[in-house]
Structures are given as C-alpha cells and as structure tokens.
Amino acid sequence: MIRPRSRCAPARSLQLETLEDRRLLSASAIALPTVTVGSTNAADHILVRFREGAAPTPLAGTTIGKALALVSNLYDVQLSAKMTVDQALAAYRKDGLVAYAEADVTLSVASIPNDPQFGQQWDLSNTGQEGGTVGADIKATAAYSVVSGVKQIPIAVFDSGIDYTHRDLYLNIWINQKEIPASRSRNLVDYNNDGFISMRDLNDPRNQGVGKITDLNANGYIDGGDLLKPMSKDTQGNDTGLGGWADGISQDGSGYIDDLIGWNSNANNNNPMDGYGHGTHVAGTIGAIGNNGLGVAGIDWNAQLVPVKFFDDSGNGSVTQFIAGLTWALAHGIKISNNSWNDGGYTPALFDAVKAAQGQGHLFVAAAGNSGRNTDTQPAYPADFILDNVVSVAATDRYNNLAGFSNFGVASVAIAAPGVDILSTNPGNNYGLRTGTSMATPHVTAVAAEVWALHPDWNYHQVIAQVLNTATRLPSLNGKVASGLLDFAAAVGVSQTAPTPSALRLVDSQAGGAAGTISKITVKFDSAPPGGVFPLASVSVKAPDGSPITVTGMTLVPGSSGLRFDLTFAVQTKPGYYKLHVGPAAGDTSGNLAVFDSSLYLAPN
C-alpha cells in the first residue's frame, strides 16, 4: 500500500490586471470548521479489498456486503454482534486473498476560533482593509472581465451539503440534465443559449407555470428546493404538470433516484441540504452570485455548484460515504471537486478512490490542513496523496503571510490562497467569516474551474500547470509551498497555448512483492528522464526503522513510454513505512533537477 509524498514543479509568475469595481458587504465573525479525519470508526463493518482475481470470501463472524465499485474488489464487510473491528481486521489481514483491510474511519469537523470582525472580501480585492497589505489577494477584480460569460463546468463540493435555497447561491446550483422529467423538459427553453437548462433559465418567467416549475416553497424564486418537491400525478401515474420534478424514477438509468441537483451520500438520498454550514461557506467562495447587488461575490459568478453531501448535520461522515459520493460524481461526469477536509491518517481505500478518480481525468483540490506542521515529514491526507490530480492548498492571511495554523511543505503543498477571515455565505440567507485551509481551498478550485472553462479541450495536467505556473512568488512562501500565492488574473489572462510543467515530477509510486513483502518500488515520472535513465546513485530507500536498503537494480518498464522504472532490492518483511528519496541528480531534458520523496506502507502480515 502506498503512502505518498510529492514534490511539485517550480512555478513562474505572470500577471494581467484589468480593474473592475465590486461592491462588498459586511458580516460578523464566526468560528471556522475545517473537516478532519477523526480517531473513531464504524463498529459494525470494515472495508476489505481482495486481491485481483480473488473471489470475495467472508471469514467467520462476517458477511460480504455491498461492493464499492469505484475501487475494484473493495467491499463493505459486515460484522456479527460478537465480532469486533480489531478481531475482523486481524483475521482478514492474515488472509492471503486480501490486499488490505481497514476500519471505516470517521471523518468529522474540528473548529478553530475566529474572533475578528471583518467587513469586506480582502481575499478578492485587498485595499488595506483592517490594516491588511494592499494587493495581498488573488487579483480577482482583474480577472472578472476575462471570464464573464464563459460557460462554466460543474464543480463538486464534497462537504456538508449546500443551502441550495440561499439567495446568493440558488442561481448557481447545478441541474442534472438527464434527470429532468421528459414531461417537463419538453416545455422548457434554454433562454441563456448555453446548451442546457439552468437555474437561471428556470427563473425566467417564461419557464414557469403548469407543466414547467413553480415557486413551491414560496420564497420568491425558483431554487433546488422547488425541483425536489414531489411531482403531482393522476391515478394513472401521469404528470399533472403540478408539483416538483421528483417523480421517483431514475430518469438517466443510473440508479440514483431524482438526483436533480446533487447527492447526499451520507443519507443515500437526493437531498444535499446543508444543516451544518461548512459546505455553504465553501460554496459561496467558489460561486456566490456575482454582480447582483446582494451579499458577497464568488470567484465564479456563474458557477455550476454540485453539492455532494457526505458529512451529516453534525459534521460527521466516513470513508465509505465519501467513496459513495465520489462514485456518484464520477458517474455524472464531474471533472473537478473541492475537498475542504483533511488532517487524518492514511487510508488505502481513500487513496484507491482518489486514484480511480485520477483514472477518469478528475481534478481533486484538497485542503492542506490546519495543524501548522510540515507535511513533507508529517503528511495529512487526502491532500498528500502522491497522485498528480491532487492539488494541496495552504492558507495565507491579509498580509501575504502563511497563516500560523496552516500546514506547509515545499514538497507536499502545491499552492497557497487566502484562508483567514474569509467572508462568504452561511445557511439561511446569512453571511459570516471563517478561517482555515478549508476556506483557502475553494479559491484554488474556483480558479482551476475557470481555467478549464476557458480551455475545455485541456486535461487536468494542463489546468494544474496553468494555475501553479502563474502563482505569485512571495518571500514569505519560499520553502513553504511549491509555487506561490494563487493569482486569478494571471491564470486566466495568459497565452492560449497549453502549458507544460517545467520540471521532471514523480507522479506515482507503488510497492511490489509477494504477499507480506516488499522487494520492488515502481516509480512513474510525468516525462521521460534525459537519455531514458536517471542515476541509480540518486535513489535511496530506508526501512521503517530508518536503516538504509541497498537498491540493486533499476529497470525501465516495457511499454511505459520511458515513464516507469522498477527499483529492486532485497526482500523486506518488516511492517511499516518505507521511505523512498530521489534526487537531486535526476532531471529533465532542460536540466531542471527533480527532488522528491515517497513513503510506501507494508501492512503487518
């Protein structure tokens, strides 16, 4: 099993500024939640991944439950009343048919106190309010004119849900086009001419009335709550044209019933309403309605926000519930997600799920965590998975300094964004200030989505490169993050040519060997090293106790286009984390040196 670490490529700074005024409102400070992995876990089931080709076979005191299809051979294994989690894990970990077994870890929310009163969105336009540093922001006002009118891509917000009735969010809630009942869709018109029926279309009076949709919750506009109301049917089961769009049918055949505006994988239903607040605040930073003379402005004024609720209304969720939500999002073609939760231990199932998303071209933006530690040496997950679709985000304050609570690491954290006293939406048509890497992350997610919307033919590699390579280099972030401070204007205002990362990067590493052993590490680079090889002398491996392991061979993996190499050494059986270090002698064809580290986990046999 792999516990990954990564070193990202250096970035260059490009800036383009075209000023446009924005009017911002005040709000009161409230405490920040940032989601963390807790120390508790489910007592009635565990997660077991069987080896490829092995049939899922239950052991005594357990039964094989549902398959978590996103990860091949991963199952929810139910425990009998007399079987404890520890007993079940011990039994399955001894089974030669099992790749790994783990508890279903509880994911929960922790709070950091936030006292200062703050009246403006300094993160988008810092004019020195509250004594801040002028220009210590993401240059949002300079970017708005560039992205205005651009067709936005859906953004999954994996969190506690979104208040989809909020007056500053309702127009930007995504609608599942394939789930619109045919009896209603044939009466609707895309008045925005953007190729789909949006909340903006539904708030055109011409799309309202019998056979279309009406303001069923009587708040003065059409929102997700109206769509989720039950459809009125006659005695033959036909739509009367009244009520909402929830007809009890999976229109797209996906098996998800009435998933009209998102999904609640915590309760396994179609209602992703936020009863906790964290997800709504995150959503407002990404996509509060812009230029509407109300409340706050998001980064993507016309965002397509997809609420994926895997935390309950107390801020608790699990790995299983996250995987279920990710499975839903990938099934619906969502290409980018915001993950403002972090700071827990490594779980192979979570890694495998994010890796499966990587295989489907999904960009995973994650909070670096709020422990104030160097994650190069003390990783926090999922931000520190060594997968090239994962972007880890640190937090800065209004003075362009790394926030004291923010995790950092030049090898593990890709970029920084504002995360202190961030003004955004709260449930119930409210607004407030929150602090944490949870608040920094949606800035990066939103900008990456804007870049992708401008360049729909790009892949996530190119989008990430554009965001990182245009970040502003700051002395305060040197040695803390791989690139610099997010620069919205530069990211959307540079050349139309697809960028390429400037340095050789390690994008994956996997352990190999017979069951209960490790004798090989396969590494994958983002491009071929010069001459097709890199010096064996640049590689070192250490055992869990810190003792060195001699690497005896390095072989190019056939058919890998010069990207994968097998590093071989004597068979090791000691359980724990094996440390791989490469550099600095390895470099790309332009002479850029690469330095990176990875940790690989060998489970007890």
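Some observations on this one:
- Of the residues making up the stretch 385-431, those that are among the aromatic types (Phe, Trp, Tyr) and either in the same structural domain as Gln510 (by TED's automatic domain parsing) or under 17 Å from Pro475 (Cβ atoms) (or both) are Tyr399, Phe408.
- When residues of the stretch 153-165 are limited to those that are touching a Gly at 6+ places or on another chain (Cβ under 8 Å) and part of a loop (DSSP other than H, G, I, E, B), the one farthest from Asp274 (Cα to Cα): Thr165
- Check on Leu169, buried (at least 20 other Cβ atoms within 10 Å of the Cβ) and farther than 22 Å from Gly149 by Cβ: no
- Applying the criterion of being surrounded by 20 or more Cβ atoms within 10 Å (Cβ to Cβ) and at positive phi to the residues of the stretch 343-381, the residue that is modelled with the lowest pLDDT is Asp343.
- Looking only at the stretch 306-349, and only at residues there that are closer than 21 Å to Ala368 by Cβ and assigned to a loop (DSSP other than H, G, I, E, B), the one that is nearest to the chain's Cα centre (by Cα): Ser340
- For the stretch 230-267, filtered to residues that are assigned to a loop (DSSP other than H, G, I, E, B) and within 20 Å of the chain's Cα centre (by Cα), the residue that is surrounded by the most Cβ atoms within 10 Å (Cβ to Cβ) is Gly262.
- Cross-chain or 6+ apart pairs with Cβ under 8 Å, the stretch 231-253 first and over 14 Å from Thr214 (Cβ atoms), then aromatic (Phe, Trp, Tyr): Ser250/Tyr256
- The one condition from (1) free of Cβ contacts under 8 Å to residues at least 60 places away in the same chain; (2) exposed (fewer than 14 other Cβ atoms within 10 Å of the Cβ) that Ala182 does not meet is (1).
- For the stretch 466-492, the set of residues classified as part of a helix (DSSP H, G or I) and buried (at least 21 other Cβ atoms within 10 Å of the Cβ) consists of Gln466, Val467, Leu468, Asn469, Leu477, Phe488, Ala489, Ala490, Ala491, Val492, listed by residue number.
- Checking Asp168, Asp194, Asp234 one by one, the residue that is of a type in the set (D, E, K, R), closer than 28 Å to Thr441 by Cβ and in contact with a strand residue (DSSP E or B) (Cβ under 7 Å, 6 or more places away or on another chain) is Asp168 and no other.
- Yes/no for Ala383 being assigned to a strand (DSSP E or B) and either over 20 Å from the mean Cα position of the chain (by Cα) or within 16 Å of Asn342 (Cβ to Cβ) (or both): no
- Taking residues in the stretch 135-146 that are without any contact (Cβ under 8 Å) to a residue 12 or more places away in the chain and in a helix (DSSP H, G or I), and partners anywhere that are buried (at least 24 other Cβ atoms within 10 Å of the Cβ) and among the charged types (D, E, K, R), not one pair has Cβ atoms closer than 7 Å while being at least 6 places apart or on different chains.
- Filter pass, Ser371 being within 18 Å of Ile155 (Cβ to Cβ) and among the hydroxyl-bearing types (Ser, Thr, Tyr): no
- Near pairs, Cβ below 8 angstrom, 6+ apart or cross-chain, from the stretch 64-78 (part of a loop (DSSP other than H, G, I, E, B)) to any residue that is modelled with pLDDT under 90 and among the β-branched types (Val, Ile, Thr): none
- When Asp457 is tested against (1) touching a strand residue (DSSP E or B) at 6+ places or on another chain (Cβ under 8 Å); (2) in a loop (DSSP other than H, G, I, E, B); (3) at pLDDT 85 or above, exactly one condition is not met: (1).
- Count - residues of the stretch 382-430 that are surrounded by fewer than 24 Cβ atoms within 10 Å (Cβ to Cβ) and on the phi > 0 side of the Ramachandran plot: 3
- Matching residues, the stretch 145-185, being out of contact with any helix residue (DSSP H, G or I) (no Cβ under 9 Å at 6 or more places or on another chain), of a type in the set (Ser, Thr, Tyr) and either within 17 Å of Thr285 (Cα to Cα) or modelled with pLDDT under 95 (or both): Ser145, Ser148
- The residues of the stretch 497-550 that are at pLDDT below 65 and of a type in the set (S, T, N, Q), listed by number, are Thr497, Thr500, Ser502.
The values are calculated or read from the model by the stated rules, or taken from the named source; none is laboratory data. This one's a predicted model, so the numbers in the text were calculated from it and none came from an experiment. Cβ atoms come from the backbone with ideal geometry, glycine included; neighbour counts cover every protein chain shown.
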